[in-house]
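Asker: Quick one: structure below, then a few questions.
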Amino acid sequence: TLTAIFEQCHYTVSVTSNDIVKGAVYGGGTFTYGQSTNIAAVANSGYKFVKWSDNNTDITRSIVVTSNINLIGYFEEITYVIDAKSNDESMGIVIGAGTYQQGTSVTLMAIPNEGYKFVKWSNGVTETPYTFEVIKDISLVAEFNEILSGWQDIHSGIKATKFLHNGNLIIERNGVKYTATGQKVR
């Protein structure tokens, strides 16, 4: 008399990280056919989970075991784009834009061309260089204006009085005297 003895097949679920510095994976082991198991990917600070080697992007997932499975969890650095530009490149340029890792200290510089001045960034900050910690994507515009001479300044606002002194045109505004080229008369 012979008796046939059967047992369920056992399969291995292997989960590994592409880089343990970036993140860890959990849930591997040995399971019987048809058993379900949960696997998970946990990113370390400054990194994010991207996908499993089978292109599934779920951080946690349930797997029904029907064969040996080998999955790799892929992680990468969290980076943000710092987009910074000039409102008019004929007035000035901006340096320091680019892609940076989360938490990096970034310095943007607004450099005016001759005859122009930096006014402010589009977020209201008036500092250049402007240094901040990267925590998200940012888009900034550096606003530049023309440097106005004294002559242009006095013609852009309140009424001015014009007169000749020793053959030179003098403009007086609010008690201050200017030459035709915008220089203060002392």
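Asker: With unit charges on the beta carbon (Lys/Arg positive, Asp/Glu negative), name the residue among Val50, Ile82, Asn123 whose Cα is farthest towards the positive pole of the charge dipole of the chain.
Answerer: Selected residue: Asn123.
Asker: Between Thr66 and Lys136, what is the spin-label point distance in nm, taking each point 7 Å from the Cα along the Cα→C-beta axis?
Answerer: Those two pseudo-labels are separated by 4.4 nm.
Asker: Still on this structure, I have one more. Are there trypsin sites (Lys or Arg not before Pro) in the range 64-137 that DSSP marks as loop and that have at most 16 other Cβ atoms within 10 Å, and which are they?
Answerer: Values: sites: Lys85, Lys117, Lys120, Lys136; in loops: Lys136.
Listed in order of number, the matching sites are Lys136.
Asker: Once Kirkwood radius over Cα pairs in Å is worked out from the coordinates, which option in [x] 17.6; [y] 22.8; [z] 20.4 does it equal?
Answerer: For Kirkwood radius over Cα pairs in Å, the calculated option is [y].
Asker: OK, next. How big is the charge dipole of the chain about its Cα centre, in debye rounded to the nearest 20, if each Lys and Arg gets +1 on its Cβ and each Asp and Glu gets -1 on its Cβ? Please report the intermediate quantities before stating the final value.
Answerer: Details: 14 positive and 17 negative charges, 200 e Å.
Result for the chain is approximately 960 debye, rounded to the nearest 20.
Asker: For the range 30-138, what's the relative contact order in percent, using C-alpha pairs closer than 8 Å and at least 6 residues apart? Don't jump to the answer; show the numbers that get you there.
Answerer: Numbers: 192 pairs, mean separation 23.8, N = 109.
Averaging sequence separation for qualifying contacts and normalising by length gives 22 percent for the range 30-138.
Asker: With springs only between Cα atoms under 10 Å apart, run a GNM on the chain and tell me which of Ile72, Ile93, Ile171 wobbles the most.
Answerer: Ile171
Asker: Also, quick follow-up: For Glu77 and Val125, calculate 0.36 nm times their separation in residues minus their Cα-Cα distance, and state this gained length in nm to one decimal.
Answerer: Details: separation 48, 0.36 × 48 = 17.28 nm, distance 2.85 nm.
14.4 nm is the gain from fully extending Glu77 to Val125.
Asker: Over the chain, what is the relative contact order in percent, taking alpha-carbon pairs closer than 8 angstrom and at least six residues apart? Kindly include the intermediate steps, with their values, before the conclusion.
Answerer: Details: 407 pairs, mean separation 26.9, N = 186.
Relative contact order of the chain: 14 percent.
Asker: Take the chain, mark every one of the GluC sites (Glu not before Pro) that falls in a DSSP loop and has at most 16 other Cβ within 10 Å, then report the longest stretch left between them, sites excluded. Mind showing how you got there, number by number?
Answerer: Values: sites that count: Glu7, Glu89, Glu114, Glu127.
With GluC sites (Glu not before Pro) excluded where exposed in loops, the chain gives 8-88 as its longest stretch.
Throughout, read-outs are computed from the coordinates displayed, never taken from laboratory work. Being a predicted model, the structure only gives us computed values, none of them experimental. We place every Cβ from the backbone using ideal geometry, glycine too, and count neighbours over all the protein chains shown.
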